[in-house]
Amino acid sequence: MAVTGEFVDHEFCTDDDSDGPTLADIQKAFAELKLTPGTLVIQPPDGLTLVNFKTNFYTTSTTPITTTVNLLGQQVTLEATPATYTWHFGDGTSTSTTEPGAAYPDLTITHDYRRTGEYGPSLSTTYTGRYRVGEGPWQAIPGTVTIDGPAQPLRAIEAEPKLVGY
């Protein structure tokens, strides 16, 4: 079949839209975000705890991180939201939660150290993402990004009870 006439508009639709970023471009930008490690708070403070005592852990890094990048000439807003926290207790054990823990007296994420010694607990935060191009609708980014935080020094000691004032 022959097509006759003249072309009024010479733009053609193709499956490969080279005018804007692809989902792969957005996933790559999300994976390369310079996210800071979550802040790990340990109670009791000052790097000292007791053997067989509930040591409390929590993080204050709970809010989404938003940044805008330019991809292929388009303004793309990326948002990374903490979704999972993995608590590494420094003694070979760890646990993952979707909650950030809480400050004393709530004690939602705790660990009992069974032996005296030096430990290096740390926190890994896994982020989910979403994006929008310009002022368009938010869309989910497939996959996650995990940021490992640094180990913090923690020493577990034994305490001896002493009567005072007798």
message = Restricting to DSSP loop positions (anything but H, G, I, E, B) with no more than 15 other Cβ atoms inside 10 Å of their own Cβ, which GluC sites (Glu not before Pro) remain in region 83-158?
response = GLU135, GLU158
query = In whole angstrom, how long is each semi-axis of the equivalent ellipsoid of region 16-81, when you take the square root of 5 times every eigenvalue of its Cα gyration tensor and sort them from largest down?
reply = 42, 10, 8
key: Eligible lysines near LYS162 by straight Cα distance, threshold 26 Å, same-chain separation 8 or greater   = LYS54
request  = Place a +1 charge on the Cβ of each Lys and Arg in region 25-136 and a -1 charge on the Cβ of each Asp and Glu, then give the dipole magnitude about the Cα centre in debye, rounded to the nearest 20.
outcome  = 120
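Can you tell me the accessible area per residue over the chain, all protein chains present, probe 1.4 angstrom, in square angstrom?
Numbers: 11080 Å² over 166 residues.
Accessible area per residue, the chain: 67 Å².
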query = How much accessible surface does LEU107 have with a 1.4 Å probe, in Å² rounded to 10?
reply = 60
ask   = Per 5 Å bin from zero, what fraction in whole % of the C-alpha pairs of the chain is there, up to the bin with the longest pair?
value = 1, 8, 14, 14, 11, 9, 8, 8, 6, 5, 4, 3, 2, 2, 2, 1, 1, 0, 0, 0, 0, 0
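The values are calculated or read from the model by the stated rules, or taken from the named source; none is laboratory data. Fair warning: this is a prediction, and the values are worked out from it, not measured in the lab. Using ideal geometry, Cβ is built from the backbone for each residue, glycine included, and neighbour counts are taken over all protein chains shown. In case anyone asks, the SASA skips ligands and DNA or RNA and just uses the protein heavy atoms, side chains included. Shrake-Rupley method; radii C 1.70, N 1.55, O 1.52, S 1.80 Å.
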